[in-house]
Ligand SMILES: [Fe+2]
Ligand SMILES: [Fe+2]
């Protein structure tokens, strides 16, 4: 059994300090196998915001796979936005914006979808899609494979209309060929989960998506601060949406899936 704490949209610069402290306490108590952070660590990609995000990550007690979001690219500093969009991120957060974690039961790949010219929808390059095949392809099927991006691959129920990540279909085709089971994303600040197939009719492999809300910021979209506590125990998987209830994180909703005849179905 593996546990993943899926955090997202931290937005340091607009963070709530009491939620930040509560989340550190929660992680220390629950000790996940891995923490995944699906982007938007800062509000405006400023050095002080990156430093605050980095010191938060340094307090988490697990291996971390973190990717940038659109807010981690400068918006107003046009020169830096185009010449070195991820300069602040790679200086302060991680020199590698696409980290990869792999042990005997879990393989987790971060893919950077943040682009200076594709602020809200994001995109993947053909090289990144090739890397999904290269990294996951040789890993046996018994290892549970997870992709982490900032921008979502499927629409988030209840959210206002939003674009989906560019080249998402090609990336999902590569994920399908490589035996990926789960895709984690953020950006919309609302939590949900579901199968990719109703949204991409030529994808045959059942792959789950989990969206996390904003874990620590004031930038709510009608939901409290949340993160996903994901328990991977094949053929079972559960997503516990944990929400900030003023003094601690508590379970808001649990969605359970079981893989039956190669299909993830709600349990
Ligand atoms: Fe965000
Ligand atoms: Fe975002």
Got a number for residues in region 93-131 being surrounded by 21 or more Cβ atoms within 10 Å (Cβ to Cβ) and in contact with a helix residue (DSSP H, G or I) (Cβ under 8 Å, 6 or more places away or on another chain)?
8
Kindly check whether there is at least one residue in region 210-218 that is surrounded by fewer than 22 Cβ atoms within 10 Å (Cβ to Cβ) and within 16 Å of ligand 1 (Cβ to nearest atom).
yes
All but one of (1) free of Cβ contacts under 8 Å to residues at least 12 places away in the same chain; (2) within 15 Å of the chain's Cα centre (by Cα) hold for residue 110; state the number of the condition that does not hold.
(1)
Evaluate region 91-101: report whether one residue or more is under 24 Å from residue 123 (Cβ atoms) and within 16 Å of ligand 2 (Cβ to nearest atom).
yes
For region 152-171, how many residues meet the condition of being in contact with a strand residue (DSSP E or B) (Cβ under 7 Å, 6 or more places away or on another chain) and in a loop (DSSP other than H, G, I, E, B)?
7
Please specify each residue of region 152-193 satisfying the condition of being away from ligand 1 (no atom under 16 Å from the Cβ) and on the phi > 0 side of the Ramachandran plot.
158, 167, 179
Just to be sure I understand the filter: pairs with C-beta atoms under 7 Å, separated by 6 or more residues or on different chains, first member in region 81-103 and within 26 Å of residue 138 (Cα to Cα), second member in a helix (DSSP H, G or I). Which pairs pass?
97/89; 97/90; 100/135
So, of the residues in region 219-238 that are surrounded by fewer than 19 Cβ atoms within 10 Å (Cβ to Cβ) and under 22 Å from residue 144 (Cα atoms), which turns out to be farthest from ligand 1 (Cβ to nearest atom)?
235
Consider region 38-63. How many of its residues are more than 16 Å from ligand 2 (Cβ to nearest atom), in contact with a strand residue (DSSP E or B) (Cβ under 8 Å, 6 or more places away or on another chain) and within 25 Å of residue 210 (Cβ to Cβ)?
5
Count of region 49-63 residues which are farther than 13 Å from residue 94 by Cβ, in a helix (DSSP H, G or I) and in contact (Cβ under 8 Å) with a residue 24 or more places away in the chain:
4
Looking only at region 211-267, how many residues end up being within 16 Å of ligand 2 (Cβ to nearest atom) and at pLDDT 95 or above?
10
Return the residue satisfying two criteria in turn: it lies in region 133-151 and is outside any helix (DSSP H, G or I), more than 16 Å from ligand 2 (Cβ to nearest atom) and closer than 22 Å to residue 38 by Cα, and of such residues it is nearest to the chain's Cα centre (by Cα).
147
Which count do you get for residues in region 179-206 that are out of contact with any helix residue (DSSP H, G or I) (no Cβ under 9 Å at 6 or more places or on another chain), within 16 Å of ligand 2 (Cβ to nearest atom) and over 18 Å from residue 231 (Cβ atoms)?
5
First in region 16-42 and over 28 Å from residue 107 (Cβ atoms), second anywhere and within 16 Å of ligand 2 (Cβ to nearest atom) and not in a loop (DSSP other than H, G, I, E, B), Cβ under 8 Å, 6 or more apart
16/217
Of (1) within 15 Å of ligand 2 (Cβ to nearest atom); (2) farther than 17 Å from residue 37 by Cα; (3) modelled with pLDDT of 95 or more, residue 175 fails just (1)
Among the residues in region 104-117, are any assigned to a loop (DSSP other than H, G, I, E, B) and closer than 22 Å to residue 263 by Cα?
yes
Scan region 30-37 and tell me whether some residue there is within 14 Å of ligand 2 (Cβ to nearest atom), outside any helix (DSSP H, G or I) and touching a strand residue (DSSP E or B) at 6+ places or on another chain (Cβ under 8 Å).
yes
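The values are calculated or read from the model by the stated rules, or taken from the named source; none is laboratory data. Model, not experiment: these values are computed from the prediction. Methodologically, a virtual Cβ is constructed for each residue, glycine included, from the backbone with ideal geometry; neighbour enumeration extends over all protein chains shown.
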